[in-house]
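Please read the structure below before turning to the comments.
The values are calculated or read from the model by the stated rules, or taken from the named source; none is laboratory data. Just so you know, these numbers come straight off a predicted model, no measurement behind them. Cβ placement follows ideal geometry from the backbone for every residue including glycine, while neighbour counts extend to all protein chains displayed.
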Amino acid sequence: MPTSTTNSENEAKIIGIIQLKGGAGRSTIATNLSAALSQRATVALIDCDLPQGTSASWGILRDENNHLGNLSVTTALDHQALIKKVQALSRTHDFIIIDGPPRIAEMTRAILVMSNLCLLPLGTSAAEVWALSDLFATITEAKQKNIHIDARVIWNRYRKQTRSAREMIDAVHDELDLPQLQSYLGFRVAYSDVLARGLWVGEWHDPIAKKEINALVTELLTVLGINMVTES
Ligand SMILES: Nc1ncnc2c1ncn2[C@@H]1O[C@H](COP(=O)(O)OP(=O)(O)OP(=O)(O)O)[C@@H](O)[C@H]1O
Ligand SMILES: [Mg+2]
C-alpha cells in the first residue's frame, strides 16, 4: 500500500463497471480509471468480457510498452473464477477494477454484490436509457434481498450543452432510482485513440479528457471514503 493511500481495512476497494448495452464505454472507463489510479496505488484490472477481452488486450499493449507499473491485468471466464481472483487480489492491491460482461448472468450479479461501488456507463440516447431498465430491475431485486449495493450512473459521450442530454438526465432521475455521478466523459476522440494504444488519456494530448478522468478519480475516492493525493 503506498503511503499516499489510507485504506484502513487493508483490503482492496472494488469498483465494478457494468452495462448491458455493448459500446456503452465499460472498457474505456475501466482502462482509464485503472491506469489513473495506478499512478498512486496498486491496481488489478479484471476483464470479464471474454472472448472479446478489450481491457485484457489493452493491458497486453501496455505491458509491451513497459507502462504497466503498479497495474496488473487479468481475466475471469466465469463468476466462480472471478470470486476467487477478487479474494486473492484483494489482499495485495489497493483497488480492483472489474470490466463486466454485456449480459445479466451470474457474473453481473457477482460484480454487483462484491463491488464497493458499481459504475453504470450510460450514453445520453433513449436507446441506452431503455437498455438500463433490465439492469435496474436486477439491482432492485438484489437490494430487496437486503444486499448492500451502491450502483451509480456515469454519463459517457456526454454533450453538456444539448437539450437531449439534459432531458435524458432528468428522465433517469425521475424514472430510475439510481444516483448519478457528477463526473462524466465527453465525446472525445482521445478516448478511442488511447484505448487502441494501451494508454490512458493522462498520457495523451487532450488535457480536457485528462481532467475528466482525474475528476472521476477524485469523486470515486470521495464516495469510497479514501484519502489519496490526486491530480485535479
Ligand atoms: N467518451 C467517448 N468519446 C469517444 N469515443 C468513446 C467514448 N467512450 C467510448 N468510446 C469509444 O466507443 C467504443 C466503445 O467503447 P468501449 O469499448 O469502452 O465500450 P464497451 O461498453 O466496453 O463495449 P463492448 O461491448 O464492445 O465491450 C470504443 O471504440 C471507444 O473508444
Ligand atoms: Mg468492453
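Could you check, for the stretch 220-228, whether at least one of its residues is more than 22 Å from residue 71 (Cβ to Cβ) and either touching a Leu at 6+ places or on another chain (Cβ under 6 Å) or not in a helix (DSSP H, G or I) (or both)?
Yes, some residue in the stretch 220-228 is more than 22 Å from residue 71 (Cβ to Cβ) and either touching a Leu at 6+ places or on another chain (Cβ under 6 Å) or not in a helix (DSSP H, G or I) (or both).
If you check every pair at least six apart or on different chains, which have Cβ atoms under 8 Å apart with a residue in the stretch 178-198 that is farther than 17 Å from residue 158 by Cα first and a residue that is part of a strand (DSSP E or B) and among the hydrophobic types (A, V, I, L, M, F, W, C) second?
178/120; 178/151; 178/153
Test residue 198 against the criterion of being under 24 Å from residue 67 (Cβ atoms), in contact with a Gly (Cβ under 8 Å, 6 or more places away or on another chain) and of a type in the set (Gly, Ala, Ser), and give yes or no.
yes
If I go through the stretch 23-53 residue by residue, how many of them are near ligand 1 (Cβ under 10 Å from one of its atoms) and touching a residue at least 12 places away in the same chain (Cβ under 8 Å)?
Adding up the residues that qualify gives 12.
Can you name the number of the only condition in (1) within 13 Å of ligand 2 (Cβ to nearest atom); (2) closer than 18 Å to residue 200 by Cα that residue 61 fails?
Failed condition: (1).
Among the residues in the stretch 114-126, are any without any contact (Cβ under 8 Å) to a residue 12 or more places away in the chain, more than 21 Å from residue 212 (Cβ to Cβ) and not acidic (Asp, Glu)?
no
If you check residue 135 against the conditions, is it within 16 Å of ligand 2 (Cβ to nearest atom), assigned to a helix (DSSP H, G or I) and within 20 Å of residue 19 (Cβ to Cβ)?
yes
Please enumerate the residues belonging to the stretch 75-100 that are β-branched (Val, Ile, Thr), in contact (Cβ under 8 Å) with a residue 40 or more places away in the chain and under 13 Å from residue 114 (Cα atoms).
86, 96, 97, 98
Those residues that are part of a loop (DSSP other than H, G, I, E, B) and either surrounded by fewer than 24 Cβ atoms within 10 Å (Cβ to Cβ) or near ligand 1 (Cβ under 7 Å from one of its atoms) (or both), I need them from the stretch 13-22; list them, please.
Residues satisfying the conditions are 19, 20, 21, 22.
Of the conditions (1) closer than 27 Å to residue 156 by Cα; (2) away from ligand 2 (no atom under 16 Å from the Cβ), residue 80 clears all except one; give me its number.
Condition not satisfied by residue 80: (1).
Please go through the stretch 104-122 and give me each residue that is under 29 Å from residue 165 (Cβ atoms) and either at pLDDT 90 or above or exposed (fewer than 13 other Cβ atoms within 10 Å of the Cβ) (or both), ordered by number.
108, 111, 112, 115, 116, 117, 118, 119, 120, 121, 122
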